[in-house]
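Take a look at the structure set out below.
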Amino acid sequence: MSKPIAVYGGSFNPPTNAHVQTVEALVANGYQVIVIPCGMRPDKVTTQHVDTAHRAFMIDLAFGQMENVTVDLSDLEREQFTATIDLDVALKAKYPDAEIFHVGGTDLFIGGGEGKSQIQTSWKEGRKVWETLQFIVINRPGYEMDMEDFPPNCRYHNPEISTVVSSTQVREAIAANRPIDDLIPPRVRNYINRYALYRGVMLLHPSRVPGLGTRLLIVADEHNVNAMKLAEQFRHLEVTEHPN
């Protein structure tokens, strides 16, 4: 990859319009974006709220068709969390000629000037991460930073987000039966409704196949308009040729 790489990690549980617009802004600023959803984290119970296969499908629906964007599901496939410092080593080995930047909201960096940011105090080898890794700091309204809080190697971006919303707020809205149409991509919303996710019940389960990265062959009745419309929603997952 000749472009600088923006590594966008998170739970994306579920992916919101704010997540999608952040990625769009990064692409518009010349980055190749790698979206990496984290696996199960003991310090983040919300990663266990839905099956990892559900998260994988929602993330692929949100980001899978975007240009200059790669979705890396390796953590979900292994059902584990890769610390940022280890991820940085792996990506630099995979893309030795590219600049690697890690994307984070301003809430992660507040207090950095005093060594009290979340990164410095709670991440694996946090102080080393702070001093040596390159970051893209994304403005998050309500979490304003002082100049001394920025890490030594960073770029600051303030993307235009039409609806500032977190995954937590979306889950709370669903649990309270409030509208979410303006909060998440339509394809993700339809998927959540289909499987009744985040409502405290699991009416349906996605089919499990070996490896979440497996691509599919979509077969639909060409004479059935509804079947063809449904098939189009998953056409981006389809293989284009048979494996050897």
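What the table below lists for this structure:
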| item | result |
| --- | --- |
| Residue list for region 1-29, filter: open to solvent by 30 Å² or more (accessible area, probe 1.4 Å), at pLDDT 95 or above and over 16 Å from Val188 (Cα atoms) | Pro4, Gly9, Glu24, Val27, Ala28, Asn29 |
| So Val20, is it hydrophobic (A, V, I, L, M, F, W, C) and part of a helix (DSSP H, G or I) | yes |
| Qualifying residue in region 81-99 (condition: within 30 Å of Arg187 (Cα to Cα) and open to solvent by 40 Å² or more (accessible area, probe 1.4 Å)) | yes |
| Condition met for Glu67 (in contact (Cβ under 8 Å) with a residue 40 or more places away in the chain, out of contact with any Asp or Glu (no Cβ under 7 Å at 6 or more places or on another chain) and surrounded by 14 or more Cβ atoms within 10 Å (Cβ to Cβ)) | no |
| Whichever residue in region 68-100 is touching a helix residue (DSSP H, G or I) at 6+ places or on another chain (Cβ under 7 Å) and assigned to a loop (DSSP other than H, G, I, E, B) and, among such residues, is modelled with the highest pLDDT | Asn68 |
| Residue within region 111-130 that is among the hydrophobic types (A, V, I, L, M, F, W, C), out of contact with any Gly (no Cβ under 6 Å at 6 or more places or on another chain) and over 18 Å from Val7 (Cα atoms) present | no |
| Pick from region 170-189, criterion farther than 30 Å from Gly30 by Cβ and in contact (Cβ under 8 Å) with a residue 24 or more places away in the chain, ranking: surrounded by the fewest Cβ atoms within 10 Å (Cβ to Cβ) | Ala175 |
| Flag if Gly111 is modelled with pLDDT of 95 or more and within 20 Å of Thr22 (Cβ to Cβ) | no |
| Index of the failed condition, Gly111 passing every other in (1) closer than 24 Å to Arg189 by Cβ; (2) touching a Ser or Thr at 6+ places or on another chain (Cβ under 6 Å) | (1) |
| Residue in region 122-140 that is surrounded by fewer than 13 Cβ atoms within 10 Å (Cβ to Cβ) and either within 20 Å of Val23 (Cβ to Cβ) or among the β-branched types (Val, Ile, Thr) (or both) present | no |
| Single condition Asp107 does not satisfy, out of (1) farther than 23 Å from Lys3 by Cβ; (2) of a type outside the set (A, V, I, L, M); (3) touching a Lys or Arg at 6+ places or on another chain (Cβ under 8 Å); (4) crowded, with 19+ Cβ neighbours inside 10 Å | (4) |
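The values are calculated or read from the model by the stated rules, or taken from the named source; none is laboratory data. Everything quoted here is computed from the prediction, not taken from an experiment. Glycine gets a Cβ as well: all are built from the backbone with ideal geometry, and neighbour counts include every protein chain shown. For accessibility, only protein heavy atoms count, side chains too; no ligands or nucleic acids. Shrake-Rupley method; radii C 1.70, N 1.55, O 1.52, S 1.80 Å.
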